[in-house]
Structures are given as C-alpha cells and as structure tokens.
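The values are calculated or read from the model by the stated rules, or taken from the named source; none is laboratory data. What you see is a predicted model, and the numbers here were worked out from it, not measured in a lab. FYI the Cβ positions are ideal-geometry reconstructions off the backbone, even for glycines, and counts take in every protein chain you see. Ligands, DNA and RNA are stripped out before the accessible areas are found, and what is left, the full protein with its side chains, is counted by its heavy atoms. Shrake-Rupley method; radii C 1.70, N 1.55, O 1.52, S 1.80 Å.
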Amino acid sequence: MNQTNRSNTIMTPPLTKDRVRTAWVARYAVLVTLWFTAVLSAQLPAPAGTTESRPWLGQEQRIEEHLRNAGITSIKDIGTGVTRPRRAYLTPNEPVESVAWKVLPPGRRGGFWESYKSEIAAYELDRLLDMHMVPPTVERRIDDETGAAVMWVTGVKSVKELGGKVPSGPEWGKPLRQMLMFDNLIRNIDRNAGNILIGRPGDLILIDHSRAFTTDKKLQNKVERVDAELWERMQTLTRENLDRALGRWLDEDAIAAIIERRDAMAATIDKLVAKNGRSLVLIP
C-alpha cells in the first residue's frame, strides 16, 4: 500500500489508562481471531503409527475382517447423534480400537427413514466411486443385536468441534464438492457439522448415513460446481453394478432412485455447462 509523506508533525495524544486498555483489548481480539482461524485450518495430528488421517487406505479388507470378527470388551453410549450410536471397543485393539455401533432396523422413526444398512451401502458406494471418504463399515452381530459397525477414526475432529465452520482454502475445494455430489446421489438429508470429520489438509471424512438412500428423487444440494473426476465415475454407474455393490443393503426402488438422482444431476450440469461454459462448472 502506498503511503503519503507528510511534512507536518503529527502530535500523538498522551497515553492514558483507558487508551492502554483499549489497545490491549483490540490486540487480544486480533490474536483470538488469528488463533481461531488457525484451528480451523490446522493440520490435525494423525492416528498413532500412521501418517494418514484415513488409515484404512490400502487396508480395507483387513480392517473389514477385524470389524466383523474382533471381540467386544465394552459398549458405551456416545451421548450425541440423533440416531443414538454407541461406541464398542474391540479386542485385539489393532488395526482398529473401536467402532460406532448402530442398531437401526430398516424403518421410519420420528418421521424419518433410518436403516443401519444405509451405513454399509454408503461405504460400498464410496468404494465403487473410488472416493475413500467413508470409513470401513460392515454388518455384524453383537449379543442379540444386528447392526452396522463403523470404524472409529481417531486423530480427527468434527466441524462442530472446530467451531461449526467448514474449512476453506485450495486443498478443501475438491473434497467439499465431492461431499455435496455424494449427498445428492444418495439423498443424504442429515449432513451436519457433527458428521463431517476434518483430518489433514484435504482429508474430509464422512460419517452417519443411516437416513440416506430413500426413494426421493429430489437433489439435496444445489448443483453449481462439480468435481470433474468424480462426475466421470458417477456417469459410469449402471443398474447392474449398483445391484452387485448394494443389492444386499438396498431394495430395488432405492437403487433405482440412485440412478434417477444421477440423471437429474446430469440434466442440471448440462444446463449449467451450456450457460456458463464447461471450465466454470466441471472443476479438475
């Protein structure tokens, strides 16, 4: 910024207690703002023994087997979440120490469709789309209950824990676009600050999909800018490959609705490209 030299001497008023106090208050406010911004964009610690905040990458099969077969030492109420998940601790505690345990037989509760099978379907679809944003999730039985065991990811914090603001910056644009696209595809009505986990820069981890995969054809999020690579993979989805990946967890109508929502996304994207140009809509 250019500064203008002045020949006149600027007289500085004498310091008073009120002026000193005001200066310190202003300085403190700036420091708090800088600290809070740093917290939102901080590189959070990775889980012990790994440099990844998504430690399941490349170990999916091993972790799935552990989630299915490990012993249970205790189960505790989490105290958060509208679907009231619990936390089950495993033995041995490697490669995963604990899981979010969700026992939600398919049905409507409080006006919402909920199913533990939707949790598993979200993980399987995430893998089919090569996103790797949903932690490993399997079906298992504990005592007399059958539900979804979702890998409990450590070394991360939710957006809610970080003050309620989704992080911003170049490294977050791609995962945020992918999250919005995924939620449109699965009709996830329950994405909130508590189920978006923040790992290392660019690592967005998505949990809590028990209210997704209804037969509603409406898109949950406004389509504006989309991730080009993920959109290319979404366009390859067919009824046949969805049946193979999700047929154990979703009924025929729910799978058909995925295709219809994908087609609705395609129609909207085509209109946006025609209006604004491909480069402003499909982002590499």
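Looking at the stretch 65-79, can you tell me whether even one residue there is polar (S, T, N, Q) and more than 15 Å from Arg141 (Cα to Cα)? Checked against the condition, which is being polar (S, T, N, Q) and more than 15 Å from Arg141 (Cα to Cα), the stretch 65-79 yields no hits at all. The set of residues from the stretch 186-236 being part of a loop (DSSP other than H, G, I, E, B), of a type in the set (A, V, I, L, M, F, W, C) and buried (at least 16 other Cβ atoms within 10 Å of the Cβ) comprises Ile207, Ala212, Phe213, Leu219, Val223.
Residue count for the stretch 133-145 under the criterion of being of a type outside the set (A, V, I, L, M, F, W, C), in a loop (DSSP other than H, G, I, E, B) and touching a residue at least 60 places away in the same chain (Cβ under 8 Å): the result is 2.
Within the span defined as the stretch 215-225, one or more residues are without any contact (Cβ under 8 Å) to a residue 24 or more places away in the chain and within 21 Å of Val273 (Cα to Cα). Glu52 meets each of the listed conditions (1) open to solvent by 40 Å² or more (accessible area, probe 1.4 Å); (2) free of Cβ contacts under 8 Å to residues at least 24 places away in the same chain; (3) more than 23 Å from Ser210 (Cα to Cα) apart from (2).
For every residue, the table says whether it meets (1) assigned to a loop (DSSP other than H, G, I, E, B); (2) open to solvent by 90 Å² or more (accessible area, probe 1.4 Å); (3) within 20 Å of Arg177 (Cα to Cα).
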{"position": "Glu240", "(1), (2), (3)": "no, yes, no"}
{"position": "Ala245", "(1), (2), (3)": "no, no, no"}
{"position": "Ala254", "(1), (2), (3)": "no, no, no"}
{"position": "Ala264", "(1), (2), (3)": "no, no, yes"}
{"position": "Lys271", "(1), (2), (3)": "no, yes, yes"}
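Only residues that are over 21 Å from the mean Cα position of the chain (by Cα) and open to solvent by 50 Å² or more (accessible area, probe 1.4 Å): list them for the stretch 98-122, please. Correct list: Pro105, Pro106, Arg108, Arg109, Gly110, Gly111.
For the residues Asp130, Asp126, the requirement of being within 17 Å of Leu246 (Cβ to Cβ), among the charged types (D, E, K, R), in contact (Cβ under 8 Å) with a residue 24 or more places away in the chain and part of a loop (DSSP other than H, G, I, E, B) singles out Asp130.
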